[in-house]
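Remarks on the structure that follows.
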Amino acid sequence: MKYAPIIIFVYNRPDHTKRVIDSLIANEEASESDLIIYSDFAKAETHLMKVNEVRSYLKEIKGFKSVRIVERIENYGLAKSIISGVSEVIGQTGSVIVLEDDILVSPYFLRFMNSGLEKYKVEEKVASIHGYSYPMNTIGLDDTYFIRGADCWGWATWRRAWQYFEPDGKKLRDQLISEDLVARFDYDNTYPFFQMLTDQILGRNNSWAIRWHASVFLKNKLTLYPKESLILNIGLDNSGTHCDDNDYLSKEFSLKSNHDFPKVIEENFEARNRMVNYFRSISKQQNPTLDSRFSRIAARLLGFAKRILKRLFGFLRNEERKVEITFTGNYATWDEASTICSGYDSDIIINKVKVSLQLVRDGKAIYERDSVIFDNIEYSQPLLLGLLFASALNGGKLKVLDFGGSLGSSYFQNRKFLSKLPLVEWSIVEQEKMVSIGKLEFENKELRFFHTIGEAVKNRQPKTVILSSVLPYIKNPYEVLALIKSFNFETIIVDRTPFFIKDLPDRITIETVPPEIYIAKYPAWFFNYKTFLDYLSDKYELVESFESNDHYSLVDAEIIYRALIFKRKI
């Protein structure tokens with residue numbers, strides 16, 4: 001058998017590096033293997049001593065067929081080091097085995113990797129071999145199995161597969177969206193790979209691994225995994241940039257010496273389901289009020305900047321929802337503000353909302369708002385009171401037009417209290433993309449989607465209009481109010497809408513949404529309370545005004561978010 005060269009990427013951890021080399025030498029194939037070591041230069045003067053200590057040790061290494069050391073004269077960082085190093089070596093040799101300076105290997109690691117490389121070297125469907133297996137339930141699984149995508153802890157590949165690597169994360173993200181693969185890419189929404197890819201695009205991390213995984217995943221190629229892990233990561237000890245101690249991914253490696261390979265080259269869905277259950281189980285074990293260990297594990301696994309679990313998953317306990325939505329500026333026109341904004345019709349945002357509400361719809365999550373999943377429903381009591389008031393006026397029947405109602409957030413939020421009413425008809429008027437998704441994914445006997453108010457009125461004759469956090473984001477809100485008035489709805493419920501406390505004129509600002517929710521900026525109105533009431537007063541009387549749950553602010557003005565219930569005058 002021809003043995004693939006081994007590449008190791010090292011930096012400033014001499015003890016870890018020595019342990020990795022020692023573990024490799026314990027493989028009998030080491031003496032027949034070429035070893036190439038890429039030593040990155042110090043990124044800070046304080047790291048230089050340790051970098052030099054590593055380099056001194058490298059010159060003493062024996063036990064391999066050959067040893068070549070590449071000493072960088074500038075700091076590459078992990079992503080550039082791996083991309084350039086793998087590309088260089090694989091271009092010359094056709095296949096490689098890749099390790100970092102914190103990956104201990106089993107005495108049978110090289111046997112497994114080389115056997116896999118040899119067996120599947122001309123099999124286009126297989127893109128890589130992986131030495132690590134997640135500590136999931138493997139009872140009943142075969143010795144080895146295939147999973148779609150790629151991985152990064154002790155891996156090997158061929159030149160024919162490495163050519164799939166796409167360095168442009170935006171291209172990968174756009175393709176995942178266009179092919180409707182985001183949920184599958186995220187292991188049925190149990191692991192935040194898509195958000196990690198988005199973070200790479202936005203410069204929050206510089207991961208090569210998420211791009212490698214996405215590249216292989218989008219080509220519908222497979223990676224071979226062992227049932228029992230053949231590597232042990234010793235970098236989860238705070239010694240590395242992205243590390244912390246944990247017991248969720250690190251486990252002792254197997255001493256199994258021989259492996260049977262799959263009889264069929266296809267994804268093992270049972271193994272994939274075990275991984276899904278594993279990701280789901282560890283997310284439940286974490287305490288979201290603390291810096292999550294899992295996020296740091298994920299950071300190490302994919303080379304990402306450390307993030308807490310609630311940011312990765314968009315998951316927050318209700319008492320923790322302290323995101324910094326900001327409003328700035330005072331723009332003369334909506335168009336002026338719009339020129340520097342990205343609107344709510346972004347495909348990424350719509351997809352996040354869709355995925356979150358699918359979880360709520362299917363009973364896998366409790367409550368969604370603005371694409372964020374909560375562990376308890378955060379009721380808008382004024383909205384619920386308004387709905388019950390409207391139903392009382394109509395013998396218990398509730399026929400709602402939810403203008404700008406997304407994919408049904410308010411419907412799903414309040415269905416527990418509305419389910420006993422004799423009739424509920426919930427009609428949502430939204431933008432084109434939302435309506436298309438709504439009709440396909442969310443419509444039921446009660447919930448339906450329409451493109452215009454007129455279309456909804458013609459089909460369902462709603463009696464009540466909901467305007468929940470929607471008027472601030474419409475170019476001409478008073479034109480919408482005029483249209484609503486023209487249909488003579490019996491009640492109007494305005495919720496989560498900002499008004500100045502003082503007598504200040506209506507104002508256009510720019511709202512910046514934090515990345516914990518999604519990346520977006522869009523124009524937003526703040527209203528003069530008296531002007532707003534006066535505009536409706538010719539046809540509607542104010543039944544009640546409440547302070548709503550939202551509490552955001554402007555730097556130079558005091559505001560209050562209100563909920564208002566109006567009834568048509570007789």
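See the values below:
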{"quantity": "Output for segment 91-134, where each listed residue is over 27 Å from the mean Cα position of the chain (by Cα), of a type in the set (S, T, N, Q) and not in a strand (DSSP E or B)", "calculated": "Gln92, Thr93, Ser106, Asn114, Ser115"}
{"quantity": "Number of positions in segment 135-167 that are part of a loop (DSSP other than H, G, I, E, B) and crowded, with 21+ Cβ neighbours inside 10 Å", "calculated": "6"}
{"quantity": "Segment 42-62, subset in a loop (DSSP other than H, G, I, E, B) and loosely packed, with under 15 Cβ neighbours inside 10 Å, residue modelled with the lowest pLDDT", "calculated": "Ala44"}
{"quantity": "Asp244 surrounded by fewer than 23 Cβ atoms within 10 Å (Cβ to Cβ), assigned to a loop (DSSP other than H, G, I, E, B) and at pLDDT 85 or above", "calculated": "no"}
{"quantity": "Test: residue in segment 30-39 that is touching an Asp or Glu at 6+ places or on another chain (Cβ under 6 Å), in a helix (DSSP H, G or I) and among the polar types (S, T, N, Q)", "calculated": "no"}
{"quantity": "In segment 190-217, the residues that are within 23 Å of Glu267 (Cα to Cα) and part of a loop (DSSP other than H, G, I, E, B)", "calculated": "Thr190, Tyr191, Pro192"}
{"quantity": "Near pairs, Cβ below 9 angstrom, 6+ apart or cross-chain, from segment 134-159 (at positive phi) to any residue that is surrounded by fewer than 16 Cβ atoms within 10 Å (Cβ to Cβ) and assigned to a strand (DSSP E or B)", "calculated": "none"}
{"quantity": "Of all residues making up segment 2-20, the number that are touching a helix residue (DSSP H, G or I) at 6+ places or on another chain (Cβ under 8 Å) and assigned to a helix (DSSP H, G or I)", "calculated": "3"}
{"quantity": "Total residues in segment 96-128, condition surrounded by 24 or more Cβ atoms within 10 Å (Cβ to Cβ), farther than 24 Å from Ile83 by Cβ and modelled with pLDDT of 95 or more", "calculated": "1"}
{"quantity": "Residue within segment 168-178 that is assigned to a loop (DSSP other than H, G, I, E, B) and over 12 Å from the mean Cα position of the chain (by Cα) present", "calculated": "yes"}
{"quantity": "Any hit, segment 30-50, residues being of a type in the set (Val, Ile, Thr) and closer than 28 Å to Lys256 by Cβ", "calculated": "yes"}
{"quantity": "Qualifying positions in segment 210-240 - surrounded by fewer than 23 Cβ atoms within 10 Å (Cβ to Cβ), at pLDDT 90 or above and touching a helix residue (DSSP H, G or I) at 6+ places or on another chain (Cβ under 8 Å)", "calculated": "Leu218, Lys221"}
{"quantity": "Residue list for segment 394-410, filter: outside any strand (DSSP E or B) and surrounded by fewer than 22 Cβ atoms within 10 Å (Cβ to Cβ)", "calculated": "Asn394, Gly395, Gly396, Gly404"}
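The values are calculated or read from the model by the stated rules, or taken from the named source; none is laboratory data. Bear in mind the structure is a predicted one, so any value in this text is a computation, not a measurement. No Cβ is skipped: glycine too gets one built from the backbone with ideal geometry, and neighbour counts run over all protein chains shown.
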